[in-house]
Amino acid sequence: MATPLPNLPKSPKDRLEIYRLFNGMSIAGKEGIDEGRTRAPLVKTFLIEHVSDKHGGSPRPPAAIWSQLRAEPELIDDQFMSLQGEVKPTGANPYVTTVGYLEQFDQRFFAYYTVEGSQQAKQRVNKWIQKSADLDSTWFSAPLLQALWKHDISYRGDDRFTKLSFSHDSVFELPEDSAADEVDDDQENMILEEAEEGSEQIEPERRRSRFMMGDRISRIRAALGNLQSGYDPLNALSAVRFPSLHERGSHDLYQHGQVTNRSDSFEDHRNTIRYLYRIYRGVLNTTEERAWRDLEKTPQTMAGGPSHKGVPLIIHFHEKLTKATFDCWIRRAFSKRNVFRLWGEPNWLGPTKVHVYGADRHLWQPLNLEITESRMIAILPQGTCGNTFHRLITNIQRFVCPKISAWIGSQPFESMLDQVKSVDREE
């Protein structure tokens, strides 16, 4: 059962009042973790991406965005506000209360702080994103999480404990007559930390790998490479744990931009959020700059359709999809609600080959896709938000093929993650 949402002040005198409140909850939460019981809800942060003016959009003040989402924003200062939302407690009437606080880091990125239960908070954030084409999650793809492990976490002390989580759910392998057609993105993206244990739920047999490595950093570093080379789903890294640099505890980062505070300090948590924001901003900027710098001067032509000038994102599957899996994926990948946030009408050119001339529901930017059983090629026009690249890679590894190779133009995607090595951990 989800932890009830505590009463949060709607109109604190300043943000420091909220920092102190969350700091007290962090101390109690860490004590509860140490004792193996719930003493206070854990603070969670969601990094959210907004339209940038360099994509031809018109950035709006966060108060205007969340007013349209009926979140009743109330400004605390120029970059910090409280948000309201409906809460539906079990066995009681729904009511509206303060659900969390929004901080604006820059024109493009926001942090949403809350102590609501993870699944409820994630559903709330997802609804905001679905209702606003201006917003998107920050997508920490498996290659980016791997880079964070390689260049940061693995150096935080050999004897420190950490955790890596891997998740691949082949939801498109489900039988045609199953209830899979009704699975939405909230269910497909179930957070690993809340995965059921000992559940008696009857599920169709399919490839479903959920694996967690919780151990000392030195042991994981020694074993990880061999494990990943021997079992493809262990390349679908979905969450990592950052041991705190200065305080007791850690911080869990999930690929949809959620960070859960397991330390005894909200200040340490917020510093971690700022650090991850700077990394993601740098990687996103690098993705976009290199993509448009390498933009081919000649149009990209797809068989059966017009030519389009744009940079290709190429994702190669290390394991070919079966025709049944391919059919199910294409049928559902462009439905009204889908985790890929794509829109379009597939044009079948063969048993396992389609072209799609469609759009990304985030900012409704055009994109053109060629999809086969062994690869996806997306032609993205100049100015496309870099989040489109990262969301496609993240969700293909999570739901289609756990081991991939990706390029943006002629540049390997992994080579664009060097930003991780150059960002200071300290502000």
Odd one out for Thr394, checked against (1) among the polar types (S, T, N, Q); (2) out of contact with any Asp or Glu (no Cβ under 9 Å at 6 or more places or on another chain); (3) surrounded by fewer than 17 Cβ atoms within 10 Å (Cβ to Cβ): (3)
Members of segment 116-171 that are part of a strand (DSSP E or B) and of a type outside the set (Val, Ile, Thr): Asp136, Ser137, Phe161, Lys163, Leu164, Ser165, Phe166, Ser167, His168, Asp169
Residue list for segment 134-158, restricted to those being of a type in the set (A, V, I, L, M, F, W, C) and within 16 Å of the chain's Cα centre (by Cα): Leu135, Trp139, Phe140, Ala142, Leu144, Leu145, Ala147, Leu148
All positions within segment 238-260 that are out of contact with any His (no Cβ under 8 Å at 6 or more places or on another chain), in a loop (DSSP other than H, G, I, E, B) and on the phi < 0 side of the Ramachandran plot: Leu245, His246, Glu247, Arg248, Gln255, His256
Verdict on Asn7 being polar (S, T, N, Q) and out of contact with any helix residue (DSSP H, G or I) (no Cβ under 6 Å at 6 or more places or on another chain): yes
Looking only at segment 42-58, and only at residues there that are of a type outside the set (Gly, Ala, Ser) and at pLDDT below 90, the one that is nearest to Val99 (Cα to Cα): Val51
Condition check for Ile65: within 30 Å of Lys163 (Cβ to Cβ) and either outside any strand (DSSP E or B) or in contact (Cβ under 8 Å) with a residue 60 or more places away in the chain (or both): no
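The values are calculated or read from the model by the stated rules, or taken from the named source; none is laboratory data. On a predicted model such as this, the values are computed, not experimentally measured, just so you know. Positions of Cβ are backbone-derived with ideal geometry, glycine not excepted, and every protein chain shown enters the neighbour counts.
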